Amino acid sequence: MKTVIITGVAGFLGRYVARHFVREGWRVIGLDDVPPENVQLTAVAFHRLQLPSTALPEILRATAPDVCVHCAGRASVGLSMTDPAADFRGNAALTFELLDALRQHAPACRFLLLSSAAVYGNPARLPVAEEHAAAPLSPYGYHKRQAELLCEEFSRIYGLPTAVARIFSAYGPGLRRQVVWDICEKALTARQLTLHGTGRESRDFIHAADIARALHLLATAGPASGEIYNLASGRETTIEELARLILGVLGRDVPLSFDGVNPSGNPLRWQADIGRIAALGFVPSVTLETGTQQVANWCAAELQP
């Protein structure tokens with residue numbers, strides 16, 4: 001039985017990744033700094049610790065992981081603008097600490113970094129492929145790019161197997177922030193739906209279940225020398241299209257408007273070229289229509305008094 005260590009296992013994506021690896025028959029070791037009763041994952045050996053931790057080397061030696069999926073870290077463009085030091089520590093510096101611990105105590109372990117499409121900024125062309133120049137718009141994007149370069153460094157210099165997943169707009173039941181949740185919440189609780197921007201901004205949405213499937217694929221297939229893979233659906237959707245889709249799913253007939261303000265650090269348009277991950281056999285399985293229905297149902301249940 002293969003063993004995977006998942007950092008940030010109690011977070012939104014960490015939970016999806018853990019459940020998928022359990023279903024695939026892996027021994028799953030979960031790391032996070034939350035009380036065990038808050039984890040709510042079955043068949044996961046949970047260790048409560050705040051990374052970086054002096055306890056990590058012993059965990060690595062005792063478990064001899066085949067794969068480490070690094071889901072921990074800060075994930076807010078806005079907060080990175082106001083506190084870049086904390087974002088650096090939680091993304092770039094933490095990634096270095098994990099890579100160095102693996103180098104010393106589990107040098108055969110394949111390290112999978114969850115990076116972000118934020119490294120692209122506003123791409124010059126769409127769909128954007130992995131070779132496109134990085135041009136981040138926020139400290140978060142820069143720190144994710146630095147973490148990617150650390151993976152390349154540890155692979156080239158120390159031979160540590162690494163791969164990078166550049167995740168576009170993740171969504172799914174369980175995520176109580178970002179645009180899909182925001183639209184659902186406002187549509188259910190307000191008499192008018194007002195969103196930032198013009199509505200013409202676009203994103204490439206990928207369901208958390210598909211992200212988990214893709215990460216499992218990267219854990220077992222493809223080269224691991226710092227290679228970068230876009231994780232997305234390959235479909236461009238404007239925010240206005242998304243909002244009208246969710247309103248239709250919810251059966252809500254409320255006025256939709258946009259305030260014309262694009263928050264600092266946010267890109268204008270995203271659409272991924274997913275040819276590289278598709279060459280390994282990945283095909284997105286959750287359509288945006290199905291996924292938004294799932295989120296809408298979950299959101300409605302969450303907001304019930």
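The values are calculated or read from the model by the stated rules, or taken from the named source; none is laboratory data. Every value quoted in this text rests on a predicted model; they were computed, and no experiment measured them. With ideal geometry, Cβ positions are generated from the backbone for all residues, glycine too; neighbour counts draw on all protein chains shown.
Condition check ((1) farther than 26 Å from Asp83 by Cβ; (2) touching a His at 6+ places or on another chain (Cβ under 8 Å); (3) of a type in the set (A, V, I, L, M)) across all residues:
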site: Val9; (1), (2), (3): no, no, yes
site: Trp26; (1), (2), (3): yes, no, no
site: Gly30; (1), (2), (3): yes, yes, no
site: Val44; (1), (2), (3): yes, no, yes
site: His47; (1), (2), (3): yes, no, no
site: Ser53; (1), (2), (3): no, no, no
site: Ala64; (1), (2), (3): yes, no, yes
site: Val67; (1), (2), (3): yes, no, yes
site: Cys71; (1), (2), (3): no, no, no
Problem - Subset of the stretch 241-289 (residues that are free of Cβ contacts under 8 Å to residues at least 60 places away in the same chain and in a helix (DSSP H, G or I)) - result: Glu241, Arg244, Leu245, Gly248, Val249, Ala278, Glu289
Exercise for the section: Report the residue count in the stretch 182-200 for those that are in contact (Cβ under 8 Å) with a residue 40 or more places away in the chain and in contact with a strand residue (DSSP E or B) (Cβ under 8 Å, 6 or more places away or on another chain). Expected result: 11
Practice task
Give Ile239, Ile274 a once-over and let me know the one that is under 14 Å from Phe205 (Cα atoms) and within 18 Å of the chain's Cα centre (by Cα).
Solution key: Ile274
Exercise for the section: Would you check if there is a residue in the stretch 256-268 being touching a Phe, Trp or Tyr at 6+ places or on another chain (Cβ under 8 Å), closer than 25 Å to Pro139 by Cα and crowded, with 18+ Cβ neighbours inside 10 Å? Expected result: yes
Fill in the blank from the handout: Exactly one of Arg177, Arg252, Arg156, Arg191 is among the basic types (Lys, Arg) and within 22 Å of Gly121 (Cα to Cα), and that residue is Arg177
Exercise for the section: Give Glu185, Glu130, Glu148 a once-over and let me know the one that is at pLDDT 95 or above and surrounded by fewer than 19 Cβ atoms within 10 Å (Cβ to Cβ). Expected result: Glu130
Practice task
Kindly provide the set of residues from the stretch 13-44 that are assigned to a helix (DSSP H, G or I) and within 20 Å of Leu98 (Cα to Cα), ordered by number.
Solution key: Leu13, Gly14, Arg15, Val17, Ala18
Problem - Complete set of residues in the stretch 11-28 that are of a type in the set (Gly, Ala, Ser) and over 16 Å from Ala170 (Cβ atoms) - result: Gly25
Completion exercise
Flagged in the stretch 242-266 as at pLDDT 95 or above and within 20 Å of the chain's Cα centre (by Cα), in numbering order, are Leu242
Handout entry: In the stretch 117-165, residue nearest to Ala92 (Cα to Cα) [restricted to those that are of a type in the set (Lys, Arg) and assigned to a helix (DSSP H, G or I)]
Key = Lys144
Handout entry: Close pairs from the stretch 27-40: first among the hydroxyl-bearing types (Ser, Thr, Tyr), partner modelled with pLDDT under 90, Cβ under 9 Å, at least 6 apart
Key = none
Problem - Residue among Tyr140, Tyr229 that is surrounded by 23 or more Cβ atoms within 10 Å (Cβ to Cβ), touching a residue at least 12 places away in the same chain (Cβ under 8 Å) and touching a Ser or Thr at 6+ places or on another chain (Cβ under 6 Å) - result: Tyr140
Handout entry: Residue under evaluation Leu217, criteria (1) of a type outside the set (Val, Ile, Thr); (2) in the same structural domain as Val128 (by TED's automatic domain parsing); (3) surrounded by fewer than 18 Cβ atoms within 10 Å (Cβ to Cβ); (4) not in a helix (DSSP H, G or I), criterion not met
Key = (4)
Problem - Candidate set from the stretch 47-102 (those that are assigned to a loop (DSSP other than H, G, I, E, B) and hydrophobic (A, V, I, L, M, F, W, C)); member that is surrounded by the most Cβ atoms within 10 Å (Cβ to Cβ) - result: Cys71
Problem - Given (1) under 22 Å from Gly11 (Cα atoms); (2) out of contact with any helix residue (DSSP H, G or I) (no Cβ under 9 Å at 6 or more places or on another chain), number of the condition Ala214 does not satisfy - result: (2)
